[in-house]
């Protein structure tokens, strides 16, 4: 948001600029969610997706990052291996190297790397887009925690159901025995002859 100076010297939010920024950022959260991949056990966004969201070229984004490599340690950003790059190209349809496409594997930015990009790019759009992206990462983390909690609860319910099932089976067999007519030994028909005589 841009600020304008008022007569008293205080900063106030310019409503026209705020509307212009939010209107320019009409990016649905679902679109950002589709651009978050899981690589090496981390949720990441690719440099080409971020460049598109920030309205800069991928080359310019990577140049800005390379000028500030100290801000991007391995846990903020990493370059894909050739195998990961090949797999990603297959999954999302990136053009082949040598055909007008990339000639090197793309960079992947973790949530912290995306936050750091706003300080490197320094544009209002980058700052506002980073806020949207971080909110999506947070929402995904919350959803994952909820799913883990639900999965744990489901396992508990299954275990309880197994225990109850075993107990019910035991009760069922006891009730079945009680309902069955009692077995009485039938006396043999006829006379008994003592073998003693």
### Message
Under the 0.36 nm per residue contour assumption, what length would be gained going from the current alpha-carbon distance of residue 154 and residue 52 to full extension?
### Response
32.7 nm
#### Entry: Separation of the residue 195 and residue 86 label points, Cα + 7 Å toward Cβ, nm
8.7 nm
### Task
Return the distance in nm (one decimal) between the two label points of a simple spin-label model at residue 30 and residue 138, each offset 7 Å from Cα along Cα→Cβ.
2.3 nm
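Rounded to the nearest 0.05, what FRET efficiency do residue 103 and residue 71 have when you use their Cβ-Cβ distance and R0 = 25 Å?
Efficiency computed from Cβ-Cβ geometry: 0.50.
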### Task
Rank-order 186-195, 115-124, 64-73, 167-176 by packing density, defined as the average count of other C-beta atoms within 10 Å over each peptide's residues, highest first.
115-124, 64-73, 167-176, 186-195
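None of the figures in this text is laboratory data; all of them are computed from the coordinates on show. Bear in mind that the values here come from a model prediction, so they are computed numbers and not experimental data. All Cβ positions, glycine included, derive from the backbone under ideal geometry; neighbour counts span all protein chains shown.
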